[in-house]
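The values are calculated or read from the model by the stated rules, or taken from the named source; none is laboratory data. Just so you know, these numbers come straight off a predicted model, no measurement behind them. Methodologically, a virtual Cβ is constructed for each residue, glycine included, from the backbone with ideal geometry; neighbour enumeration extends over all protein chains shown.
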Amino acid sequence: MVSDLMGKVPPPRRNRELRIAPGPVWQASQGRVAGSNHTVAGSAATGGAPATVYRNIHVTDLTSYRLPPAGWVSILHRISGAAMFLLLPFTIWMFDASVTSEASYEQFTSVFTAGGAGLPGWFWKLVAFALIWAYLLHFCAGLRHLWMDATHAVSLSFGRTSALVVIVLSSVVALALGYKLFF
(Lines give C-alpha, C1' and ligand atoms only; values in the text may rest on other atoms or scores of the structure.)
Protein backbone atom coordinates (compact mmCIF):
# COMPACT_ATOMS: atom_id res chain seq x y z
CA MET A 1 0.00 0.00 0.00
CA VAL A 2 2.76 2.44 0.89
CA SER A 3 4.66 1.53 -2.27
CA ASP A 4 1.58 2.40 -4.35
CA LEU A 5 1.46 5.91 -2.87
CA MET A 6 5.18 6.56 -3.29
CA GLY A 7 5.02 6.57 -7.08
CA LYS A 8 2.03 8.89 -7.37
CA VAL A 9 2.53 12.62 -7.53
CA PRO A 10 -0.43 14.84 -6.71
CA PRO A 11 -1.63 17.07 -9.55
CA PRO A 12 -0.19 20.59 -9.51
CA ARG A 13 -2.20 23.23 -7.75
CA ARG A 14 -3.79 25.95 -9.79
CA ASN A 15 -2.07 29.27 -9.47
CA ARG A 16 -4.83 31.34 -7.86
CA GLU A 17 -4.04 34.89 -6.99
CA LEU A 18 -5.86 37.88 -5.63
CA ARG A 19 -4.15 40.94 -6.97
CA ILE A 20 -4.99 44.46 -5.84
CA ALA A 21 -4.43 46.95 -8.61
CA PRO A 22 -1.94 48.41 -9.19
CA GLY A 23 0.21 45.36 -8.69
CA PRO A 24 2.91 43.46 -10.45
CA VAL A 25 1.95 41.71 -13.65
CA TRP A 26 3.66 38.50 -14.60
CA GLN A 27 5.15 38.71 -18.04
CA ALA A 28 5.73 35.07 -18.90
CA SER A 29 7.40 35.79 -22.21
CA GLN A 30 10.12 37.81 -20.51
CA GLY A 31 10.40 35.73 -17.32
CA ARG A 32 10.11 38.65 -14.97
CA VAL A 33 7.63 40.62 -12.90
CA ALA A 34 6.65 43.94 -14.43
CA GLY A 35 7.64 46.84 -12.24
CA SER A 36 10.56 45.05 -10.66
CA ASN A 37 13.84 43.48 -11.66
CA HIS A 38 13.22 40.15 -9.95
CA THR A 39 13.01 36.96 -11.96
CA VAL A 40 10.60 34.46 -10.51
CA ALA A 41 11.27 30.82 -11.18
CA GLY A 42 8.72 28.05 -10.99
CA SER A 43 8.64 25.60 -8.11
CA ALA A 44 7.44 22.10 -7.42
CA ALA A 45 4.56 23.48 -5.34
CA THR A 46 3.18 25.39 -8.32
CA GLY A 47 3.79 22.58 -10.76
CA GLY A 48 6.62 24.40 -12.50
CA ALA A 49 4.48 27.48 -13.12
CA PRO A 50 5.94 30.82 -12.14
CA ALA A 51 5.26 31.80 -8.53
CA THR A 52 3.00 34.76 -7.90
CA VAL A 53 4.74 37.82 -6.55
CA TYR A 54 2.82 40.32 -4.45
CA ARG A 55 3.95 43.78 -3.49
CA ASN A 56 2.52 46.40 -1.20
CA ILE A 57 1.34 49.65 -2.67
CA HIS A 58 3.76 52.54 -2.55
CA VAL A 59 2.97 56.11 -1.53
CA THR A 60 3.12 57.13 -5.19
CA ASP A 61 0.37 54.57 -5.98
CA LEU A 62 -2.16 56.21 -3.62
CA THR A 63 -3.57 58.51 -6.29
CA SER A 64 -4.46 55.61 -8.58
CA TYR A 65 -5.51 53.13 -5.86
CA ARG A 66 -9.28 52.69 -5.44
CA LEU A 67 -9.98 52.37 -1.75
CA PRO A 68 -13.44 51.02 -0.78
CA PRO A 69 -15.72 53.18 1.38
CA ALA A 70 -14.94 51.09 4.48
CA GLY A 71 -11.24 51.84 3.97
CA TRP A 72 -11.94 55.57 3.70
CA VAL A 73 -13.99 55.47 6.92
CA SER A 74 -11.21 53.60 8.68
CA ILE A 75 -8.59 56.15 7.62
CA LEU A 76 -10.87 59.12 8.36
CA HIS A 77 -11.67 57.64 11.79
CA ARG A 78 -7.96 57.71 12.63
CA ILE A 79 -7.47 61.19 11.18
CA SER A 80 -10.46 62.57 13.09
CA GLY A 81 -9.20 61.03 16.34
CA ALA A 82 -5.79 62.62 15.82
CA ALA A 83 -7.39 65.96 14.91
CA MET A 84 -9.50 65.96 18.07
CA PHE A 85 -6.43 65.14 20.15
CA LEU A 86 -4.38 67.90 18.52
CA LEU A 87 -7.21 70.42 18.90
CA LEU A 88 -7.78 69.54 22.55
CA PRO A 89 -6.09 72.73 23.86
CA PHE A 90 -8.35 74.79 21.57
CA THR A 91 -11.38 72.87 22.84
CA ILE A 92 -10.41 73.40 26.47
CA TRP A 93 -9.88 77.11 25.82
CA MET A 94 -13.28 77.38 24.10
CA PHE A 95 -15.02 75.68 27.02
CA ASP A 96 -13.17 77.71 29.63
CA ALA A 97 -13.74 81.04 27.86
CA SER A 98 -17.42 80.36 27.25
CA VAL A 99 -18.38 79.45 30.83
CA THR A 100 -16.03 81.43 33.11
CA SER A 101 -17.67 84.87 33.02
CA GLU A 102 -19.51 87.27 30.76
CA ALA A 103 -16.27 89.10 29.95
CA SER A 104 -14.52 85.91 28.90
CA TYR A 105 -17.57 84.97 26.81
CA GLU A 106 -17.31 88.31 25.00
CA GLN A 107 -13.62 87.62 24.34
CA PHE A 108 -14.57 84.15 23.10
CA THR A 109 -17.13 85.47 20.62
CA SER A 110 -14.84 88.28 19.45
CA VAL A 111 -12.21 85.74 18.38
CA PHE A 112 -14.70 84.27 15.91
CA THR A 113 -15.75 87.67 14.54
CA ALA A 114 -12.69 89.93 14.72
CA GLY A 115 -9.98 87.29 15.01
CA GLY A 116 -7.29 86.67 17.57
CA ALA A 117 -3.60 85.79 17.92
CA GLY A 118 -2.91 87.55 14.64
CA LEU A 119 -5.29 85.32 12.68
CA PRO A 120 -8.62 86.38 11.12
CA GLY A 121 -11.98 85.28 12.51
CA TRP A 122 -12.80 83.03 9.54
CA PHE A 123 -9.69 80.97 10.31
CA TRP A 124 -10.87 80.29 13.87
CA LYS A 125 -14.30 79.38 12.51
CA LEU A 126 -12.59 76.97 10.11
CA VAL A 127 -10.68 75.39 13.01
CA ALA A 128 -13.95 75.05 14.95
CA PHE A 129 -15.60 73.51 11.88
CA ALA A 130 -12.74 71.00 11.58
CA LEU A 131 -13.31 70.09 15.20
CA ILE A 132 -17.05 69.67 14.61
CA TRP A 133 -16.43 67.48 11.55
CA ALA A 134 -13.82 65.40 13.38
CA TYR A 135 -16.14 64.80 16.32
CA LEU A 136 -19.14 63.86 14.19
CA LEU A 137 -17.20 61.52 11.90
CA HIS A 138 -15.39 59.90 14.83
CA PHE A 139 -18.68 59.46 16.70
CA CYS A 140 -20.53 57.95 13.71
CA ALA A 141 -17.62 55.67 12.79
CA GLY A 142 -17.35 54.58 16.42
CA LEU A 143 -21.05 53.68 16.47
CA ARG A 144 -20.49 51.71 13.25
CA HIS A 145 -17.64 49.76 14.84
CA LEU A 146 -19.68 49.10 17.99
CA TRP A 147 -22.61 47.85 15.90
CA MET A 148 -20.35 45.54 13.91
CA ASP A 149 -18.76 44.21 17.11
CA ALA A 150 -22.09 43.69 18.88
CA THR A 151 -23.95 42.04 16.00
CA HIS A 152 -21.03 40.39 14.20
CA ALA A 153 -22.36 41.98 11.01
CA VAL A 154 -19.19 41.58 9.00
CA SER A 155 -19.96 41.31 5.31
CA LEU A 156 -18.86 43.24 2.28
CA SER A 157 -22.32 44.64 1.60
CA PHE A 158 -22.88 45.76 5.20
CA GLY A 159 -19.38 47.22 5.39
CA ARG A 160 -19.92 49.25 2.24
CA THR A 161 -23.43 50.39 3.17
CA SER A 162 -22.57 51.33 6.74
CA ALA A 163 -19.43 53.19 5.61
CA LEU A 164 -21.45 55.24 3.14
CA VAL A 165 -24.04 55.99 5.84
CA VAL A 166 -21.27 57.19 8.18
CA ILE A 167 -19.75 59.45 5.53
CA VAL A 168 -23.09 60.92 4.39
CA LEU A 169 -24.61 61.34 7.86
CA SER A 170 -21.55 62.96 9.42
CA SER A 171 -21.05 65.22 6.40
CA VAL A 172 -24.67 66.40 6.29
CA VAL A 173 -24.77 67.19 10.02
CA ALA A 174 -21.32 68.84 9.87
CA LEU A 175 -22.38 71.00 6.91
CA ALA A 176 -25.58 72.03 8.72
CA LEU A 177 -23.63 73.03 11.82
CA GLY A 178 -20.97 74.68 9.66
CA TYR A 179 -23.65 76.76 7.96
CA LYS A 180 -24.88 77.91 11.35
CA LEU A 181 -21.28 78.67 12.40
CA PHE A 182 -20.37 80.72 9.32
CA PHE A 183 -23.72 82.45 8.57
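Points worth noting:
Table: residues versus (1) among the aliphatic types (A, V, I, L, M); (2) within 24 Å of Trp93 (Cα to Cα); (3) under 17 Å from the mean Cα position of the chain (by Cα).
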residue: Phe112; (1), (2), (3): no, yes, no
residue: Pro120; (1), (2), (3): no, yes, no
residue: Ile132; (1), (2), (3): yes, yes, no
residue: His145; (1), (2), (3): no, no, yes
residue: Val168; (1), (2), (3): yes, no, yes
residue: Ala174; (1), (2), (3): yes, yes, no
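- The condition of being under 20 Å from Ile75 (Cβ atoms) and small (Gly, Ala, Ser) holds for Gly142.
- Residue in the range 78-85 that is more than 15 Å from the chain's Cα centre (by Cα) and assigned by TED's automatic domain parsing to the domain that holds Phe158 present: yes
- Met148 being of a type in the set (A, V, I, L, M, F, W, C) and touching a Ser or Thr at 6+ places or on another chain (Cβ under 9 Å): yes
- Checking Gly159, Gly142, Gly178, Gly81 one by one, the residue that is out of contact with any Ser or Thr (no Cβ under 9 Å at 6 or more places or on another chain), within 19 Å of Pro69 (Cβ to Cβ), surrounded by 17 or more Cβ atoms within 10 Å (Cβ to Cβ) and not polar (S, T, N, Q) is Gly159 and no other.
- Looking across Ala51, Ala21, one residue alone is of a type in the set (Gly, Ala, Ser), modelled with pLDDT under 75 and surrounded by 12 or more Cβ atoms within 10 Å (Cβ to Cβ). It is Ala51.
- Any hit, the range 123-133, residues being in contact with a strand residue (DSSP E or B) (Cβ under 7 Å, 6 or more places away or on another chain) and assigned to a helix (DSSP H, G or I): yes
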